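Enquirer: Take a look at this one; I'll ask things after.
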Amino acid sequence: MPLQELHEDTYLQLAELMHASVGLSFSTAKKPLIASRLAPRIQRLGLSGYEAYVDLIAGCDDGGEFQMAVDLLTTNETYFFREPAHFDLLESELSRTRPQRLRLWSAASSFGDEAYSLSMLLADMQQTGRIGADWSILGTDISERVLRSAVEGIYPEDRLRHVTPERLKRYCLRGSEGSAGLVQVQERLRERVRFGQLNLCRPVEELGPFDAVFLRNVLIYFDPPTKQAVVERVLTQLRPGGLFFVGTAEGRVPGVRGLTPIAPGAFRKEGA
Ligand SMILES: C[S@@+](CC[C@H](N)C(=O)[O-])C[C@H]1O[C@@H](n2cnc3c(N)ncnc32)[C@H](O)[C@@H]1O
C-alpha cells in the first residue's frame with residue numbers, strides 16, 4: 001500500500017533532527033526527494049508512515065535506524081582518484097618538500113576510495129625515494145556501514161577505472177570465480193590506512209596534526225554556518241603550511257580565514 005504523503009510538520013521535524021545531529025541541511029524544495037528516498041525503507045520496516053519513522057529515529061532505542069536514515073539521505077558516491085588534479089598537486093608538493101614523515105586525513109572517506117588512492121600515491125613516492133617510509137592515512141566518516149566496507153577494501157572494478165594498469169597490478173588483487181569483477185586493495189596498503197567513525201558536526205578530539213586533509217564532497221550537505229564551523233574544526237587538525245582540499249564544485253569556503261587558495265578546491269593553511 002502506498003504511503004500517505006510526507007506532511008510539512010513531519011518534514012520540518014525530520015529536517016531539524018538531521019540538522020541538529022549531523023549538520024545536514026534540507027530546504028523545502030528537497031521534500032519530494034527526501035520522501036522518495038525514505039519510502040521504501042518505511043514500507044520494508046512495516047511502519048504506518050513518515051510520522052512513525054521520524055518518531056523511531058528521534059528516539060533512543062532506534063536499533064541503528066538513525067544511522068540508516070543518514071545513509072539514505074546522503075550519497076556515499078565516490079571512486080578512486082576522483083578529481084585527479086588534487087592528487088597531482090599533492091604529488092608535486094611532496095616531490096618538492098620530500099618529507100620523511102607524513103600523516104594524511106580523508107575526512108569524509110565514504111567507502112575508502114579516496115584514502116586508498118592516497119595510499120597508492122604515497123607507496124609509489126616512497127618506492128621512488130621521494131618521501132620517507134613513515135607515512136599513514138586516516139579515513140573517517142559518519143556512516144558505520146561505509147566504514148565496515150572500507151576496512152575490507154573490496155570494490156567493483158569500475159570504481160578503480162582511473163587507476164593506472166601498473167598501479168592495479170602493483171597494489172590490487174583481482175577476484176576470480178565467485179568474486180569476478182571485484183578487486184581488493186592489497187594488505188600492505190590496507191595496513192597503512194586506519195578507519196574510524198567521526199561526525200564532523202561534533203567536537204573533534206586531537207587527531208592530527210596532519211600534513212594534508214581531504215574534506216571533499218561533503219560540505220554540499222551543510223548550510224553556510226555549518227560549513228564554516230566544520231571547516232574551522234577540521235583545520236585545527238592541519239599543520240600550518242599543510243594542504244587542504246574540498247571538492248572543486250564546492251568552491252570557496254565562506255567566512256574561513258587563514259587559507260590561501262592555490263588551485264580549484266585546494267588551499268594552503270597559513271602560518272608556516
Ligand atoms: C559523497 S561522499 C564523499 C566521499 C569522498 N570524500 C569523495 O570525495 O569521493 C560524502 C560522505 O560524507 C559523509 N558524511 C555526511 N555527513 C557527515 C558528517 N556530519 N560527518 C562525517 N561524515 C559525513 C557521508 O556518510 C558520505 O560517506
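The values are calculated or read from the model by the stated rules, or taken from the named source; none is laboratory data. Note that the coordinates shown come from a computational prediction; the quantities given were computed from them, not determined experimentally. Cβ atoms come from the backbone with ideal geometry, glycine included; neighbour counts cover every protein chain shown. For accessibility, only protein heavy atoms count, side chains too; no ligands or nucleic acids. Shrake-Rupley method; radii C 1.70, N 1.55, O 1.52, S 1.80 Å.
Enquirer: Which condition does Phe26 not pass, out of (1) within 15 Å of the ligand (Cβ to nearest atom); (2) touching a helix residue (DSSP H, G or I) at 6+ places or on another chain (Cβ under 9 Å); (3) not in a loop (DSSP other than H, G, I, E, B), if it passes all the others?
Expert: (3)
Enquirer: Between residues in region 166-188 that are on the phi < 0 side of the Ramachandran plot and residues that are of a type in the set (Lys, Arg), which pairs lie under 7 Å by C-beta distance while being six or more apart or on different chains?
Expert: Val183/Arg174
Enquirer: Let me ask another. In the list Arg96, Arg101, which residue meets the criterion of being touching an Asp or Glu at 6+ places or on another chain (Cβ under 6 Å) and in the same structural domain as Ala229 (by TED's automatic domain parsing)? Explain how you work it out, then say what you get.
Expert: Values: Arg96 fails: touching an Asp or Glu at 6+ places or on another chain (Cβ under 6 Å).
Going through Arg96, Arg101 in turn, the sole match is Arg101.
Enquirer: Another question about this same structure. Within region 78-119, can you find the residues that are within 8 Å of the ligand (Cβ to nearest atom) and at positive phi?
Expert: Those that are within 8 Å of the ligand (Cβ to nearest atom) and at positive phi: Glu83, Ser110.
Enquirer: OK, next. Out of the residues in region 42-61 that are closer than 20 Å to Val22 by Cα and small (Gly, Ala, Ser), which is most open to solvent (accessible area, probe 1.4 Å)?
Expert: Ala58
Enquirer: Turning to a different aspect of this structure: Please report, ordered by residue number, the strands (runs of 3 or more DSSP E) entirely within region 155-272 with at least 1 residues that are touching a Cys at 6+ places or on another chain (Cβ under 8 Å) and open to solvent by less than 70 Å² (accessible area, probe 1.4 Å).
Expert: Answer list for region 155-272: 182-185.
Enquirer: Inside region 194-237, can you point out the residues that are touching a residue at least 40 places away in the same chain (Cβ under 8 Å) and more than 14 Å from the ligand (Cβ to nearest atom)?
Expert: Of everything in region 194-237, those that are touching a residue at least 40 places away in the same chain (Cβ under 8 Å) and more than 14 Å from the ligand (Cβ to nearest atom) turn out to be Arg194, Gly208, Pro209, Phe210, Asp211.
Enquirer: When both residues are 6+ apart or on different chains and their Cβ atoms are under 6 Å apart, which pairs have a first residue that lies in region 44-60 and is within 19 Å of Lys31 (Cα to Cα), and a second that is of a type in the set (A, V, I, L, M) and not in a helix (DSSP H, G or I)?
Expert: Gly49/Leu3; Tyr50/Leu6; Tyr53/Leu47
Enquirer: Among the numbered conditions (1) away from the ligand (no atom under 16 Å from the Cβ); (2) under 23 Å from Val231 (Cα atoms), tell me where Gly46 comes up short.
Expert: (2)
Enquirer: Taking region 238-253 only, how many residues are within 14 Å of the ligand (Cβ to nearest atom) and over 17 Å from the mean Cα position of the chain (by Cα)?
Expert: Qualifying residue count for the region: 0.
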